[in-house]
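Peer 1: Starting off with a structure, shown below.
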Amino acid sequence: MRSADVKILKLDAQHADEWLMAYLRRRLPPQHLRQRLGIEAEGEQPVIGHGRTLFHLENSETFSRLLRWALKATLLYDVGRRNALRIRVVHNEIELPRLPPAFDGYTILQISDPHFDANEAFPAALAERVRDLEYDLCVLTGDFRYRTAGPLEPALAGLARLRAQLRAPVYAVLGNHDSARMIPAIEAMGIQLLLNESAELRRNGQRLYLAGVDDPHYFRADNLEAACQDIPAGACALLLAHSPEIYRQASHAGFDAMLCGHTHGGQIRLPGGIALVFNANAPRRVCSGRWRHNGMQGYTSAGAGSSVLDVRFNCPPEVVLHRLVRPRHREKRPALVGLLAYAQLKQKPGQGQPQAKEQQHGDAGLRHIERQPVEQHQGWQQ
């Protein structure tokens, strides 16, 4: 964004609105802009109806007050608030067959659902948590705001505090809590929003493509066709979306991986990690953590912030470091070893004991070599 565009901060209300609309007309296609602003103009997001799910409890002040009262009555409220500030760093490895060699080991920091205006202590906690992390690219998968009506400044101030601790480049998409009126301020911070668009990442002459869509949950303003139009056929491409609800469409559109959020991992889970609700019209298997569909890998972040109430139970807030890797060649067991092992089973008891013992030891070593990649795979599924 040009420095001249920041003049909105110095204009009166009427001229500021005119400047904002001129900026958005340059930034978004006409139909996209009308859809976004039209739905926002209908007022505060409802508790029942609209979007992909029937209920939107995050918009209910009554539900929020009742839940707060119940947690205070059971002396759990303060515990949940402390949990919400204990942000963990999750490491996830994504193996991509089409990944260009120059991007092998490329690390992406994903931050989702910060809801900066939900807790005054949260922006500082998040900024401190990411300050010393090592990564090549940062992506923000929406919901910078908690309130769906009212002033934008608290959420934007929290985002600016986070941005000061992030290294460029930073890309982002909007969530169901975010307003299109935030776009100029976000891009003025040096954050490139992908609103049904794509960006080309270059490294040592090779290219990786990053696409992003507008909110698919409430505004339903996602357009995969527009997001894909500048990506060459057969290229390795990643998709950013606020919600996992378009996972089927994304997989058939040819994306190699999809990073999203929105669900908060359930935020409040029963012992054993059972989420009460994900607030998404999607199977539970794609609503938290790592998943796969139709050859496309996905990760749904549990989010860094909190919604409805700034509490968490059995579901820690997180930021994720995704490491992109090319497929590794795995050592196969020689066929001869399998034949020798079979021959041992046919031996009579007491015959060939020393030889069998030596062969068992060698076979165990080979089994360990073969099984090791599987154990690593299971590790990053947790």
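Peer 1: What's the total number of residues in the range 253-278 that are surrounded by fewer than 24 Cβ atoms within 10 Å (Cβ to Cβ) and either touching a helix residue (DSSP H, G or I) at 6+ places or on another chain (Cβ under 9 Å) or closer than 13 Å to Ala302 by Cα (or both)? It would help to see each step written out before you state the result.
Peer 2: We begin by selecting, within the range 253-278, every residue surrounded by fewer than 24 Cβ atoms within 10 Å (Cβ to Cβ); these are 253-254, 256-257, 266, 268-278.
Keeping just the survivors that are either touching a helix residue (DSSP H, G or I) at 6+ places or on another chain (Cβ under 9 Å) or closer than 13 Å to Ala302 by Cα (or both) gives 253-254, 266, 268-269, 273-278.
Result for the range 253-278: 11.
Peer 1: Moving on. Ala282 - would you say it is touching a Pro at 6+ places or on another chain (Cβ under 9 Å), farther than 23 Å from Arg86 by Cα and assigned to a loop (DSSP other than H, G, I, E, B)?
Peer 2: Values: touching a Pro at 6+ places or on another chain (Cβ under 9 Å): yes; farther than 23 Å from Arg86 by Cα: yes; assigned to a loop (DSSP other than H, G, I, E, B): yes.
For Ala282, the condition - touching a Pro at 6+ places or on another chain (Cβ under 9 Å), farther than 23 Å from Arg86 by Cα and assigned to a loop (DSSP other than H, G, I, E, B) - is met.
Peer 1: Let me ask you something else. Scan the range 87-107 and report the pairs whose first residue is within 22 Å of Gly234 (Cα to Cα) and whose second residue is assigned to a loop (DSSP other than H, G, I, E, B) and among the polar types (S, T, N, Q), with Cβ atoms within less than 6 Å and a gap of 6+ or a chain change.
Peer 2: Ala102/Asn204
Peer 1: Looking for whichever is in contact with a Leu (Cβ under 9 Å, 6 or more places away or on another chain) and within 20 Å of Leu193 (Cα to Cα) here; the options are Ala253, Ala257. Which one fits? Explain how you work it out, then say what you get.
Peer 2: Values: Ala253 fails: within 20 Å of Leu193 (Cα to Cα).
After applying the criteria, what remains is Ala257.
Peer 1: Still on this structure: Between a first residue in the range 150-163 that is closer than 13 Å to Gly305 by Cα and assigned by TED's automatic domain parsing to the domain that holds Pro114 and a second residue that is of a type outside the set (Lys, Arg) and part of a loop (DSSP other than H, G, I, E, B), which pairs have beta carbons less than 6 Å apart while being 6 or more apart in sequence or on different chains?
Peer 2: From the range 150-163, the pairs are Ala155/Phe144; Leu159/Phe144.
Peer 1: Also, I was wondering about something else. Within the bounds of the range 45-60, is there any residue that is modelled with pLDDT of 55 or more, surrounded by fewer than 15 Cβ atoms within 10 Å (Cβ to Cβ) and within 27 Å of the chain's Cα centre (by Cα)? Please lay out each step first, then the result.
Peer 2: Applying the first criterion (modelled with pLDDT of 55 or more) to the range 45-60 yields 45-46, 50-53, 57-60.
Then drop every residue that is not surrounded by fewer than 15 Cβ atoms within 10 Å (Cβ to Cβ), which leaves none.
Taking every residue of the range 45-60 in turn, none turns out to be modelled with pLDDT of 55 or more, surrounded by fewer than 15 Cβ atoms within 10 Å (Cβ to Cβ) and within 27 Å of the chain's Cα centre (by Cα).
Peer 1: Taking the range 63-113 only, how many residues are among the hydroxyl-bearing types (Ser, Thr, Tyr), within 23 Å of Asp132 (Cβ to Cβ) and either in contact with a helix residue (DSSP H, G or I) (Cβ under 8 Å, 6 or more places away or on another chain) or buried (at least 19 other Cβ atoms within 10 Å of the Cβ) (or both)?
Peer 2: Just the residues of the range 63-113 that are among the hydroxyl-bearing types (Ser, Thr, Tyr), to begin with: 64, 74, 77, 106-107, 112.
Keeping just the survivors that are within 23 Å of Asp132 (Cβ to Cβ) gives 106-107, 112.
Applying the additional criterion that residues be either in contact with a helix residue (DSSP H, G or I) (Cβ under 8 Å, 6 or more places away or on another chain) or buried (at least 19 other Cβ atoms within 10 Å of the Cβ) (or both) yields 106, 112.
Qualifying residue count for the region: 2.
The values are calculated or read from the model by the stated rules, or taken from the named source; none is laboratory data. Note that this is a predicted model, so its numbers are computed, not measured. Using ideal geometry, Cβ is built from the backbone for each residue, glycine included, and neighbour counts are taken over all protein chains shown.
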